[in-house]
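Before any comments, here is the structure.
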Amino acid sequence: GRASFEGFYFACGVLYLRWRVTNSTNPHIHPDYNYIAFHPHWKTRILTLAYTHALSLYLLFFPSTLSPDWSFESIKLIQTIDDPRNVLTLAAYLSVIAFPFVTVA
């Protein structure tokens, strides 16, 4: 209804302001700052990005190693499916999927 249109107009306004602030150009992101996105192998990008989701979820509940800057290869790339960190990733995704079913039941 009405809230959907208001949200849409708000999002359009934010995008317009971003476009004006950046002089209608895309930001140039150096590969050192986002090395995962610039990795040549898609499997490595997906596995590592999924691990960053799991790490963020872990840090939400156990904020022991917070850092304002996760660039410059501070998170090592996951290049194979048998990397042990994938267990944390799988557990995090299963927890997020199971959460609504557990809380409603």
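The values are calculated or read from the model by the stated rules, or taken from the named source; none is laboratory data. In this text the structure is predicted, and so the values were computed from the model without any measurement. Reconstructed Cβ throughout: ideal geometry from the backbone, glycine too, with neighbour counts over all protein chains shown. Only protein heavy atoms, including side chains, enter the accessible area calculation; ligands, DNA and RNA are left aside. Shrake-Rupley method; radii C 1.70, N 1.55, O 1.52, S 1.80 Å.
Here are a few things to note about the model shown:
- Lone qualifier among Ala3, Ala37, Ala11, Ala54 - being touching a Pro at 6+ places or on another chain (Cβ under 9 Å), of a type in the set (A, V, I, L, M) and either without any contact (Cβ under 8 Å) to a residue 40 or more places away in the chain or not in a helix (DSSP H, G or I) (or both): Ala37
- Sole residue being of a type in the set (Ser, Thr, Tyr) and loosely packed, with under 10 Cβ neighbours inside 10 Å, chosen from Ser4, Ser95: Ser4
- Pro68 at pLDDT below 95 and exposed (fewer than 10 other Cβ atoms within 10 Å of the Cβ): yes
- Some residue of segment 14-32 being surrounded by 10 or more Cβ atoms within 10 Å (Cβ to Cβ), in contact with a helix residue (DSSP H, G or I) (Cβ under 7 Å, 6 or more places away or on another chain) and assigned to a loop (DSSP other than H, G, I, E, B): no
- Leu90 vs. criteria in a helix (DSSP H, G or I) and open to solvent by 100 Å² or more (accessible area, probe 1.4 Å): yes
- Residue list for segment 40-51, filter: without any contact (Cβ under 8 Å) to a residue 24 or more places away in the chain and either surrounded by fewer than 10 Cβ atoms within 10 Å (Cβ to Cβ) or hydroxyl-bearing (Ser, Thr, Tyr) (or both): Pro40, Trp42
- For the condition in contact with a Leu (Cβ under 7 Å, 6 or more places away or on another chain), of a type outside the set (Phe, Trp, Tyr) and surrounded by 10 or more Cβ atoms within 10 Å (Cβ to Cβ), Ala54 qualifies.
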